[in-house]
């Protein structure tokens with residue numbers, strides 16, 4: 001190029017040294033680490049939880065490791081969750097016990113996700129009550145939910161988003177799952193790079209309505 005013009009008459013002397021060219025895929029939405037992580041984390045590899053009444057009960061299709069940062073939920077470590085390259089769902093599950101029967105509880109998950117990464121929260125009592133919703137944390141939106149389900153998303157401190165679902169209990173427990181979603185699908189083949197940061201989960205009763 002001469003004088004900012006693409007078209008010009010060369011003089012036989014103007015030149016450059018060319019070292020080559022590279023072609024590489026752009027990172028998928030939500031990717032921070034270019035390494036592909038392939039190893040799924042077993043239950044025994046998850047950090048201990050000391051929150052009263054709460055226990056992690058497993059992972060499916062996820063690599064989980066401690067992330068930098070101070071805990072946001074007492075008794076729970078901040079985790080980096082990555083969808084490993086397997087076909088299926090990619091989620092972390094937990095159980096909350098010692099709850100009152102026939103009472104509405106709010107299940108809240110603390111998450112951080114890059115633009116384009118969606119998160120599914122699924123809650124059930126193992127008997128009659130069940131609901132799930134898909135959230136877009138970066139845009140603070142609920143993109144889909146079970147019919148009649150009450151759920152939402154709130155801004156938390158230091159960039160955290162709190163996604164939540166209200167559900168009644170028919171038993172004294174709730175089982176929940178927090179999963180990574182790709183293109184609005186809960187079931188997909190991970191790439192070992194799509195990830196979210198999980199700060200923990202809280203299960204708290206809503207105030208009883210007075211007649």
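Worth pointing out:
- Considering residues of the stretch 59-68 that are in contact (Cβ under 8 Å) with a residue 60 or more places away in the chain and not in a strand (DSSP E or B) only, the residue nearest to residue 178 (Cα to Cα): 61
- Selection within the stretch 149-176 - assigned to a loop (DSSP other than H, G, I, E, B), within 17 Å of the chain's Cα centre (by Cα) and crowded, with 17+ Cβ neighbours inside 10 Å: 160
For (1) farther than 17 Å from residue 180 by Cα; (2) surrounded by fewer than 16 Cβ atoms within 10 Å (Cβ to Cβ), each residue gets a yes or a no:
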{"position": "53", "(1), (2)": "yes, yes"}
{"position": "87", "(1), (2)": "no, yes"}
{"position": "101", "(1), (2)": "yes, yes"}
{"position": "121", "(1), (2)": "no, no"}
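- So residue 96, is it surrounded by fewer than 17 Cβ atoms within 10 Å (Cβ to Cβ) and at negative phi: no
- Subset of the stretch 116-141 (residues that are outside any loop (DSSP other than H, G, I, E, B) and within 18 Å of residue 202 (Cβ to Cβ)): 119, 120, 121, 122, 123, 124, 131, 132, 133, 135, 137
All of the numbers you see were taken from the coordinates with simple rules; none came from a lab. Because the structure is predicted, anything quoted here is derived from the model rather than measured. Here Cβ is always computed from backbone atoms with ideal geometry, including for glycine, and neighbour counts include all displayed protein chains.
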